[in-house]
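A.B. asks: One structure is given below, represented as structure tokens, and several questions about it will come after.
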Amino acid sequence: MSARDRILGKLRHGAPSTVPALPDVASWFAGHRPVESGTEKAARFRHFIELAHAEVYSVARDNWTATLHQVLKARGIGKLLVAEGTPHGEVALDELPPRGVECSVYDMAIEAWKSEMFNATPASLTAARAAIAETGTLILWPDALEPRLMSLVPPVHVVLLDATKIYNTFYEAMTAEGWQDGLPTNSLLISGPSKTADIQQTLAYGAHGPKELIVLLLEGEQ
Amino acid sequence: MIPAHTPPPRPADVYFFATCVVDQFYPGAGMDAITLLERQGIRVHFPEEQTCCGQPAYTSGFPDAARKVAAHQLTLFPQDWPVVVPSGSCAGMMKHHYPTLFAADPVRKAQAEKLSARVYELTQFLVDVLNFKPEDCGSDCTVVLHTSCSARREMGVHLTGRQLLGDLKNVNVAQQDHESECCGFGGTFSIKQPEISGAMVEDKVKALKATGAERVVSADCGCLMNILGHAAWKDAQEGRKTPSLPGEHIASFLLRRTSK
Amino acid sequence: MNAQPIHFKPSEGFRARSKAVVDNPFLRQSFRGAMDFLMSKRAAQFPDDEELQSLRSLGEAIRQYNLAKLPELLERLEANLTRNGVKVHWAETPDEANAIILGICQRHSAKLMVKGKSMVSEEIELNHAAEAAGVGALESDMGEYIVQLANEKPSHIIMPAIHKTKEEIARLFADKVEGVDYTDNVDALIQIGRNVLRQKFLEADIGLSGVNFAVAETGTLCLVENEGNGRMCTTAPPIHIAITGIEKIVEKLEHVPPLLSLLTRSATGQNISTYFNMISSPRKPGEKDGPEEVHLVLLDNGRSQAYADEQLRKTLQCIRCGACMNHCPVYTRIGGHAYGTTYPGPIGKIVSPHMLGLEATSSMATASSLCGACGEVCPVKIPIPELLMRLREEAFTAPHADPVMRGQGAGYSPLISGIWRGWAMVYRSPLLYRMATWLGSRFGGLLPARQGAWTSVRVPLRPAGKRLRDMLRERG
């Protein structure tokens, strides 16, 4: 008999005869979390992610690269990793090089350029799929165009978020989008720059992931 | 789990379950509690056959021994009167653990449940049932209250002791650091793990003394035995003749403050 | 990286280890400060008691529902993960788990494994087994990295290096990390760790992680962390191996948000962790990063024993937040190492006996005053004090034919059991009780001044000269 069969055998033998009712998660959230307007959600999102040390800039839909440029310039960053083939990546590729920011693209598998990614990529730009007001959280679904390491390895991570895509809660986000029907290779909730308090409970940022998280919040009409 | 309870109308009679610690080590506290109840016009009945709630064996991992002793107590309270217990942990044992202890014995389980429903910790009974408002006859003083973990977490009566002391107009109730933390008694824990228990009571006594209160009061004699026992030991170690932390059961303190 | 294996006999030397900490005022102060900090952080996250209590009830209901369906859910998880391309392995014992993990390492000629925080990997002593097999196993969580560099074990499940001061860490880094000068600036120390470990993430052949929740309906592994090392371990190396206890499973994705909220708020007082990482498959065709292979090792190691008993099953509700240790007056006095087990504190006392047997852990259950602080804060309402009493019973009752636990009766002493039988005989009999207490009241003065452990820090106990019943009789 395999370990699998032995473990399952023991568990089946020890299992209770009845299963309690399915817990009612929906009504807990309905009773304990407010449903807010777009403006309130944006404010709540901003409050909590700033509390977690992220920087948030309100930007216009047709001019966000100007703010992005300012953010990079203020940090002396002249190179940005962008996702070619995404709408925002293409805008960045069009508009940033004329302003003197070199844009690199993730156009091959990581194995071919891992060292460059780790050692010579000071900043990245990705989009957020959505966000969560309750906790000040960005939702990212990395994919072939915008791979996973983009939001992890570069020390400065800039995220573009459409303010109309903020959910009240994590629960609302997953149920509204039907995540239970299938999740991508990797999905992420990000709620600030990387941090640790492992040395004497003293908070320090930039433990292993980005030291800075900058959110460009797209507001106004689409 | 603290079940919601509706206080019964003011009874004429109550049973008094003294607990073995009060009977043997703090009889004065028992007398004072009885007097306090009698002054409220209540007839207090003390079943002579009572011994111990069974908790020491129960918490030490000997439920069979506990069951035998508890089964005896089940027979002592035939009338449907409240059972008042001057100790949060013993009251907690009778109220919350008796039904579990007799889970496999339907007859005794039913008896245990009937008993549990009318078990009250003393301060809870004074406040919730009698609506007792002590009239302070004493001079200004500062005391500090220690509430046992069972009274706080099992019986949920940590507020009733505070309320009674708060009603005494000349008594200032000091607040100790880490007020809700255990004093380190824990029955046989104190002798099985004396180093840890010793560290806990050391910290507790320090915190109580740091308030500057002239005495500690508590509704639990187990805690008092531990706290006062350590304070007296420390006094002896350091050559003090007068106790640096006197203490007594809250019943004794209340009775004295309300006696002209 | 030559961490010594602990040959777990936590009961042996427990008192000596706890005494060593209790007698060290510096350590006492340091643990107290750290626990006060964590308690106040948690309290600030739960300002509304009604919300807290209803969320705890929901958390408890979710865990109990999922445990009740555990065998079925494990099969669904396996089927869905397999469909997603994740390889699922089953291990009954730590040795089996190590063999599975090292087998994967060997197939890929792996030299270096970077590890995200995983208490289950500590439970199976993976680092030691890997070293013996010639695979470097490097901890990458900052606290775990520090502890490994010091050749120690974590002393807390969430804050592994909570027993160390920044000055100690500064000296450790100056001694052990090449080219580093002494600095006790915390930011500088973290940057040192970051630089060392970034190079390792780049080089590593294998990334190992734990799992916080495994979702059966989607076939998803969820990881909670702040540092990003967990994401590094699960994304940068070509192979990712996750290991989890079989209990950490939920049927539905919607079960995750309440548990996540309870976990981070109870553990470190955060409304959410920096990262919540949901992994459902290895790299798909066309994707440019992520591991080519993902493995999940499901470990039993005594969990199925706890599972078979209705009361002990509640042990498996645990979501490993560590709030019970943060609020425990015993943990606060002795810290994590004194326990001698992978999992310290109240949760350690109730879970370790299933992993190690009561024969090795029988004294752990006695190291509690049953104050109830742990049960009060547990986010999934595990009745820890009740379980401790049950474990005392299992340990101290004479060995019998059909035990529910390994090592049942290991703490049995005919003398102690006899004393309790004698006690029951006296206390169930009003006559014997009256005689015994009368003798006590008359001759209590003759009791010795030294009463064993009691008088190590207390004056001796002396019964009063009159019992309450005597006083009542005299009063008439």
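The values are calculated or read from the model by the stated rules, or taken from the named source; none is laboratory data. Bear in mind that the values here come from a model prediction, so they are computed numbers and not experimental data. Every residue, glycine among them, receives a Cβ derived from its backbone with ideal geometry; neighbour counts consider all protein chains shown.
A.B. asks: With the requirement that a residue be within 23 Å of A:LYS195 (Cα to Cα) and either within 12 Å of chain A (Cβ to nearest Cβ) or assigned to a loop (DSSP other than H, G, I, E, B) (or both), what does the range C:126-151 give you?
C.D. replies: C:GLU139, C:SER140, C:ASP141, C:MET142, C:GLY143, C:GLU144, C:TYR145, C:ILE146, C:VAL147, C:ALA150, listed by residue number.
A.B. asks: Looking at the range C:410-424, which of its residues are out of contact with any Asp or Glu (no Cβ under 8 Å at 6 or more places or on another chain) and of a type in the set (Gly, Ala, Ser)?
C.D. replies: Answer for the range C:410-424, where residues must be out of contact with any Asp or Glu (no Cβ under 8 Å at 6 or more places or on another chain) and of a type in the set (Gly, Ala, Ser): C:GLY411, C:SER413, C:SER417, C:GLY418, C:GLY422.
A.B. asks: For the range C:42-58, enumerate the residues that are crowded, with 17+ Cβ neighbours inside 10 Å and within 9 Å of chain A (Cβ to nearest Cβ).
C.D. replies: C:LEU55, C:LEU58 - these are the residues of the range C:42-58 that are crowded, with 17+ Cβ neighbours inside 10 Å and within 9 Å of chain A (Cβ to nearest Cβ).
A.B. asks: Of all the residues that make up the range C:79-97, how many are surrounded by fewer than 22 Cβ atoms within 10 Å (Cβ to Cβ) and assigned to a helix (DSSP H, G or I)?
C.D. replies: Within the range C:79-97, residues that are surrounded by fewer than 22 Cβ atoms within 10 Å (Cβ to Cβ) and assigned to a helix (DSSP H, G or I) number 8.
A.B. asks: Hey, another quick one. Specify which of the listed residues (C:ARG231, C:ARG194) is within 9 Å of chain A (Cβ to nearest Cβ), without any contact (Cβ under 8 Å) to a residue 12 or more places away in the chain and surrounded by 22 or more Cβ atoms within 10 Å (Cβ to Cβ).
C.D. replies: Exactly one residue qualifies, and that residue is C:ARG194.
A.B. asks: Taking the range C:284-311 on its own, how many of its residues are within 7 Å of chain A (Cβ to nearest Cβ) and either of a type in the set (Lys, Arg) or more than 27 Å from C:GLU386 (Cβ to Cβ) (or both)?
C.D. replies: Within the range C:284-311, residues that are within 7 Å of chain A (Cβ to nearest Cβ) and either of a type in the set (Lys, Arg) or more than 27 Å from C:GLU386 (Cβ to Cβ) (or both) number 6.
A.B. asks: A follow-up question, please. What tally of residues in the range C:154-206 results from selecting those that are closer than 29 Å to C:THR332 by Cα, in contact with a Leu (Cβ under 8 Å, 6 or more places away or on another chain) and assigned to a helix (DSSP H, G or I)?
C.D. replies: Going through the range C:154-206 one residue at a time, the tally reaches 5.
A.B. asks: Within the group B:ASN172, B:ASN226, which residue is farther than 30 Å from C:ARG15 by Cα, at pLDDT 95 or above and not acidic (Asp, Glu)?
C.D. replies: Exactly one residue qualifies, and that residue is B:ASN172.
A.B. asks: Taking the range B:53-69, which residues are without any contact (Cβ under 8 Å) to a residue 40 or more places away in the chain and within 17 Å of B:GLN111 (Cα to Cα)?
C.D. replies: B:ALA66, B:ARG67, B:LYS68, B:VAL69
A.B. asks: I'd like to check something: does the range C:227-249 contain any residue that is assigned to a helix (DSSP H, G or I), farther than 30 Å from C:PHE37 by Cβ and over 19 Å from the mean Cα position of the chain (by Cα)?
C.D. replies: Yes, because at least one residue in the range C:227-249 is assigned to a helix (DSSP H, G or I), farther than 30 Å from C:PHE37 by Cβ and over 19 Å from the mean Cα position of the chain (by Cα).
A.B. asks: For C:GLY340, are the conditions met, namely being under 12 Å from the mean Cα position of the chain (by Cα), touching a residue at least 60 places away in the same chain (Cβ under 8 Å) and at positive phi?
C.D. replies: When the stated conditions are applied, C:GLY340 passes them.
A.B. asks: Inside the range C:106-121, can you point out the residues that are over 23 Å from C:ASP300 (Cβ atoms) and in contact with a Gly (Cβ under 8 Å, 6 or more places away or on another chain)?
C.D. replies: Of everything in the range C:106-121, those that are over 23 Å from C:ASP300 (Cβ atoms) and in contact with a Gly (Cβ under 8 Å, 6 or more places away or on another chain) turn out to be C:LYS111, C:LEU112, C:VAL114.
A.B. asks: Is there a residue in the range C:129-147 that is more than 25 Å from C:ILE169 (Cβ to Cβ) and in contact with a Leu (Cβ under 6 Å, 6 or more places away or on another chain)?
C.D. replies: yes
A.B. asks: Would you kindly identify the helices (runs of 4 or more DSSP H) lying entirely within the range A:1-102 that contain at least 1 residues that are among the polar types (S, T, N, Q) and surrounded by 13 or more Cβ atoms within 10 Å (Cβ to Cβ)?
C.D. replies: The qualifying helices (runs of 4 or more DSSP H) are A:64-74.
A.B. asks: Checking C:LYS381 against (1) buried (at least 24 other Cβ atoms within 10 Å of the Cβ); (2) of a type outside the set (S, T, N, Q); (3) outside any helix (DSSP H, G or I); (4) out of contact with any Gly (no Cβ under 6 Å at 6 or more places or on another chain), which test does it fail?
C.D. replies: (1)
A.B. asks: Could you look through the range B:199-229, keep only residues that are surrounded by fewer than 24 Cβ atoms within 10 Å (Cβ to Cβ) and within 9 Å of another protein chain (Cβ to nearest Cβ), and pick out the one that is nearest to C:ARG458 (Cα to Cα)?
C.D. replies: B:GLY229
A.B. asks: Moving on to the next point. Take the conditions β-branched (Val, Ile, Thr), within 14 Å of chain A (Cβ to nearest Cβ), touching a residue at least 60 places away in the same chain (Cβ under 8 Å) and over 22 Å from A:ASP198 (Cα atoms) and apply them to C:ILE206. Does it pass?
C.D. replies: Judged against the criteria, C:ILE206 is not a match.
A.B. asks: Give the range A:176-197 a look and list any residue that's under 21 Å from C:LEU81 (Cα atoms) and part of a helix (DSSP H, G or I), or say none.
C.D. replies: Selection gives A:TRP179, A:GLN180, A:ASP181.
A.B. asks: Restricting the first residue to the range C:274-286 and requiring it to be at positive phi and without any contact (Cβ under 8 Å) to a residue 24 or more places away in the chain, which pairs with a second residue that is surrounded by fewer than 24 Cβ atoms within 10 Å (Cβ to Cβ) and assigned to a loop (DSSP other than H, G, I, E, B) meet a Cβ separation below 7 Å and a spacing of at least six or different chains?
C.D. replies: That search, which allows pairs on different chains as well, returns C:GLY286/A:ALA144.
A.B. asks: Let me ask something else. Kindly list, by first and then second residue, each pair from a residue in the range B:167-180 that is within 14 Å of chain C (Cβ to nearest Cβ) to a residue that is crowded, with 16+ Cβ neighbours inside 10 Å and of a type in the set (D, E, K, R), limited to pairs with Cβ atoms under 7 Å and residues at least 6 apart or on different chains.
C.D. replies: Short answer, once both residue conditions are applied: B:SER180/B:ARG152.
A.B. asks: Pull up the range B:206-260, narrow it to residues that are of a type in the set (S, T, N, Q) and under 19 Å from the mean Cα position of the chain (by Cα), then point me to the one that is nearest to B:TYR26 (Cα to Cα).
C.D. replies: B:SER252
A.B. asks: Pull up the range A:141-178, narrow it to residues that are within 10 Å of chain C (Cβ to nearest Cβ) and touching a Lys or Arg at 6+ places or on another chain (Cβ under 7 Å), then point me to the one that is farthest from A:LYS79 (Cα to Cα).
C.D. replies: A:THR169
A.B. asks: Can C:SER30 be described as closer than 29 Å to C:ILE382 by Cα, outside the structural domain of C:VAL457 (by TED's automatic domain parsing), modelled with pLDDT under 95 and not charged (D, E, K, R)?
C.D. replies: yes
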